[in-house]
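Every number in this text was worked out from the coordinates using simple rules, so none of it is lab data. Since the structure is predicted, the reported quantities are computational estimates derived from the model, not experimental observations. Reconstructed Cβ throughout: ideal geometry from the backbone, glycine too, with neighbour counts over all protein chains shown.
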Amino acid sequence: MPERQLADAVEINRMITRIATQIIERNKGSENLALVGIVRRGDALAKRLAAEIKRLEGRDVPVGAIDITLYRDDLQLAAEMPIVQATSIPFDVTGKIIVLVDDVLYTGRTVRAALTEILDFGRPKIIQLAVLVDRIHRELPIGADFTGRKIPASTSEIVDVFLEETDEREGIFIKKKEPEEG
Amino acid sequence: MTWTHKNLLGLEGLSREEITFILDTAERFHEVLDRPIPLVPALRGKTILNMFYEPSTRTATSFAMAAKRLSADVVGFSKASSSVKKGETLLDTVRTIESMRVDGVVIRHSCPGAARFIAQRIDAFVINAGDGAHEHPTQGLLDLSAARKRLESFEGRHLVVVGDITHSRVARSAIYGFSTMGAEITVCGPATLIPPHFKKAFPNVGIETDFDRLLADADMIMMLRLQLERQGKGLFPSIREYRKLYCLTAERIKKAKPDVVVMHPGPMNRGIEIEPAVADGPNSVVLAQVRAGVAVRMAVLYILAGGELEH
């Protein structure tokens, strides 16, 4: 199946600028703010958002990364052993406004795992969620506070976000799932 | 990667890729151990049974801690407190316990092959925590993990293992593990403590009875515990003589490379096989080994509990 491009690098960067602005607006500035990206693409996006906030506000916001592999609820279902990536939250989360960042929000299970993991590091004042793509089909009561674009793709479709930092190309793409999957 | 082993019975037969996968996974668990709450839910709802038929403090504790850090439930028994005392066979004990539905069994037993015997008969995965003089794979892995923090690669590096080679499962797992990772190995000790068939079993491993000849070329020195209970069985004349010939003293360490890595599986007989100045000195990774033990065992439990199993 051919993949179809829904957004290019320029559009992704516009979304990031808009989300950064909204984060600052919602929180009335960038004080006490910290970003935590879900590896790997959420991590890259969190770094971009931090750079954008720095440009707008002149303030460095701390950036952390979490890998949710150890918090997944489907260890038994994974055919390939996922390599556990580094979680690194080099600041105290207690009392902070944490913006959790990921590329695609779909079932909500990844975010659920990330929330549990962050809460094991301390007690943030608020946790908000920023995603580049919101796919609607939720399996848990979780919603994004900041969204790049809503893409109501069907469950038989795959939505991919590719970023220069992780994929050597950039854009949001959609394609049909291969029939043998599932 | 796709993990294909149901059990961890030894390091013999594991590929370099598989060992590297375990060590890399263990690195991530080091990070978990540094967290304010060093606990992850990866094995929530799993039950791990620790069966220790031989006395063990550090290995039993380390396995229990590893399982708990992964949120598994840990049940355990030692020989002294169970029906084993009443004459129940190993297999009956395991069957009884498996009928209570455990997911994994960690076993230490004085019989070589005990872990394999059980693994062939139950559905739960089995981790060998030491079977007689055969293997102690998680010890080999933690040795690799601790040494890897000092050396970038094991390729062509020289490991010297000193002590009672005949009775040491630690030595055997180290030989399999380090040689798979590319190291060259020489074992060293009194001829009476090196098995007569050793050359045949390990043709690529060197044998040397004179420790002093090996010092200058060693990148890693692993001192084995002298099992004092074996003294008086005619295997070596006296502890004093053993000490003179094989103790890693401050004097000997001076003749070695300045960055030589010194390992000891513990518990140490300070002043017999290793001098306190060396055990606590800059070359020693003894405490790093203990710490790596928990991380490596978390990695093994995690991989065996979650991977795709071969049946």
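Look at region B:42-66: where a residue is assigned to a strand (DSSP E or B) and a partner is surrounded by 22 or more Cβ atoms within 10 Å (Cβ to Cβ) and of a type in the set (Phe, Trp, Tyr), sitting 6+ places away or on another chain with Cβ atoms under 7 Å, you get B:Asn50/B:Phe63.
The residues of region A:90-123 that are small (Gly, Ala, Ser) and more than 26 Å from A:Asn13 (Cα to Cα), listed by number, are A:Gly95, A:Ala113, A:Gly122. Only one of the numbered conditions (1) in contact (Cβ under 8 Å) with a residue 24 or more places away in the chain; (2) away from chain A (no Cβ under 14 Å); (3) of a type in the set (Val, Ile, Thr) is not met by B:Ile207, and that is (1).
This table checks each residue for (1) assigned to a helix (DSSP H, G or I); (2) more than 24 Å from B:Ser62 (Cα to Cα).
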site: B:Asp212; (1), (2): yes, yes
site: B:Val262; (1), (2): no, no
site: B:Ile272; (1), (2): no, yes
site: B:Ala288; (1), (2): yes, no
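Looking only at residues in region B:36-73 that are β-branched (Val, Ile, Thr) and surrounded by fewer than 19 Cβ atoms within 10 Å (Cβ to Cβ), the one that is farthest from the chain's Cα centre (by Cα) is B:Ile37.
Taking the options A:Gly29, A:Gly64, A:Gly95, name whichever one is touching a residue at least 12 places away in the same chain (Cβ under 8 Å), more than 10 Å from chain B (Cβ to nearest Cβ) and within 16 Å of the chain's Cα centre (by Cα). Don't jump to the end; show me each part of the working.
Working: A:Gly29 fails: within 16 Å of the chain's Cα centre (by Cα); A:Gly95 fails: within 16 Å of the chain's Cα centre (by Cα).
That would be A:Gly64, the only listed residue that is touching a residue at least 12 places away in the same chain (Cβ under 8 Å), more than 10 Å from chain B (Cβ to nearest Cβ) and within 16 Å of the chain's Cα centre (by Cα).
For region A:124-135, does any single residue satisfy the condition of being among the basic types (Lys, Arg), over 21 Å from A:Met15 (Cβ atoms) and surrounded by fewer than 16 Cβ atoms within 10 Å (Cβ to Cβ)? Checking region A:124-135: at least one residue is among the basic types (Lys, Arg), over 21 Å from A:Met15 (Cβ atoms) and surrounded by fewer than 16 Cβ atoms within 10 Å (Cβ to Cβ). Out of the residues in region B:244-260 meeting the condition of being free of Cβ contacts under 8 Å to residues at least 40 places away in the same chain and outside any loop (DSSP other than H, G, I, E, B), tell me which one is nearest to B:Leu144 (Cα to Cα). Result: B:Ile253. B:Gly206 falls short on exactly one of the conditions (1) surrounded by 21 or more Cβ atoms within 10 Å (Cβ to Cβ); (2) touching a strand residue (DSSP E or B) at 6+ places or on another chain (Cβ under 6 Å), and that condition is (1). Only residues that are in a loop (DSSP other than H, G, I, E, B), small (Gly, Ala, Ser) and under 17 Å from the mean Cα position of the chain (by Cα) were counted across region A:130-178, and they come to 2.
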